[in-house]
Amino acid sequence: MTVAGWVPWLLDSLDPEPMPGSAFDTYVRQESVIITFKERPHREVMNWRAWLPLNSNNRPVSRVCPACAESTTGGALTLPLIVQLPITLTCPHHGCRLDAAFGSFAFFGWEHSKTNNRPVPRQVAIQDARTEEALRTGTVALPRRTVHVGVWFRLLRTIIEEISIPFSKLRVRPRRSIELIWRTAGHPARAGIIGAARTYETLPWPQQEMYLEAAATAIHLIETGEIEARGTLGHLLTPEPDRPAPDGLPPRDIWDEAREAMSEALALAQQDPLAAERMLAVLTSLTRTEKTFQSIRGDLIGLDVPEAFLPQTLAAMRAPDAGTRGVSHNNGDRYRSQDIE
Ligand SMILES: [Zn+2]
């Protein structure tokens with residue numbers, strides 16, 4: 001129910017940072033998504049706390065769902081914690097856009113007289129559903145695998161940081177990806193910020209809104225393969241690649257094949273003396289002692305292979321002239337068993 005209750009998932013700590021800049025470094029710069037560590041310019045942010053809005057006018061800014069506000073009466077409006085933080089764009093109950101409001105729980109006023117009824121893009125709905133799932137269940141199912149809630153929030157905040165880097169500090173490839181993200185999101189690059197990078201938590205809500213939409217767009221473009229996520233967490237957003245065998249068939253499971261072959265061989269051995277002897281030869285091919293040989297022979301008898309089909313001793317089976325006609329005891333086989341022994 002409180003931000004403190006979300007430590008260390010949503011943010012690492014509410015305490016003062018142990019070293020100047022370490023909170024930001026640990027949360028935002030430890031991993032990467034769209035760009036690699038090498039491509040990322042150095043940046044220090046002091047006394048920072050993840051997602052906690054800072055407001056210059058010293059008045060609490062929150063976001064309220066118009067449908068929630070309408071359906072409650074007499075100051076009974078309860079606001080989920082998540083809508084107090086610049087982390088989602090939509091109401092988890094109604095799916096509509098949240099509007100900036102000021103005031104407190106008992107009294108609030110809309111920041112703008114007109115409600116924001118722009119449609120919610122699909123990728124934003126997906127992003128908010130993942131955040132909601134993270135807070136509710138502690139995990140989020142991403143295309144590659146399910147991740148811990150802490151990973152999801154750091155991934156999201158890292159993307160926001162990456163798409164805020166001034167273009168002049170980026171190499172060609174990451175710059176093109178980030179330009180495409182902003183263009184696809186339908187917002188000016190870097191939410192219209194010119195010059196040095198600014199910290200997301202200090203931005204006014206309309207710009208935070210653009211950043212959240214651009215982050216959702218970035219995730220969508222990575223998932224569809226339109227941009228490549230070369231950072232350490234990027235692979236989480238793409239499905240496991242198929243690795244077909246060279247002939248284009250799905251990969252073989254040799255143990256499944258072995259089990260199938262074994263039951264086919266057993267069915268044959270129950271009917272055919274030659275097959276029975278071959279099967280015993282295969283099963284005892286690594287066997288050194290008569291005792292083990294007898295044990296395996298006993299197992300086959302237990303599996304309804306007639307005793308008369310099976311050579312009686314290891315020596316008899318491996319003798320050059322052993323067995324029934326045609327049983328393969330060629331020189332190769334003999335050398336192999338000698339090698340083992
Ligand atoms: Zn609502």
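Throughout, read-outs are computed from the coordinates displayed, never taken from laboratory work. Computed from a predicted model, the values in this text were never measured in an experiment. Don't worry about glycine lacking a Cβ; one is built from the backbone with ideal geometry, like all the others, and counts go over all protein chains shown.
Take the convex hull of the alpha carbons in segment 4-237; its mean projected area over all directions comes to 12.7 nm². Scoring 148-161, 201-214, 281-294 by mean Cβ neighbours within 10 Å over their residues and listing the highest first yields 148-161, 201-214, 281-294.
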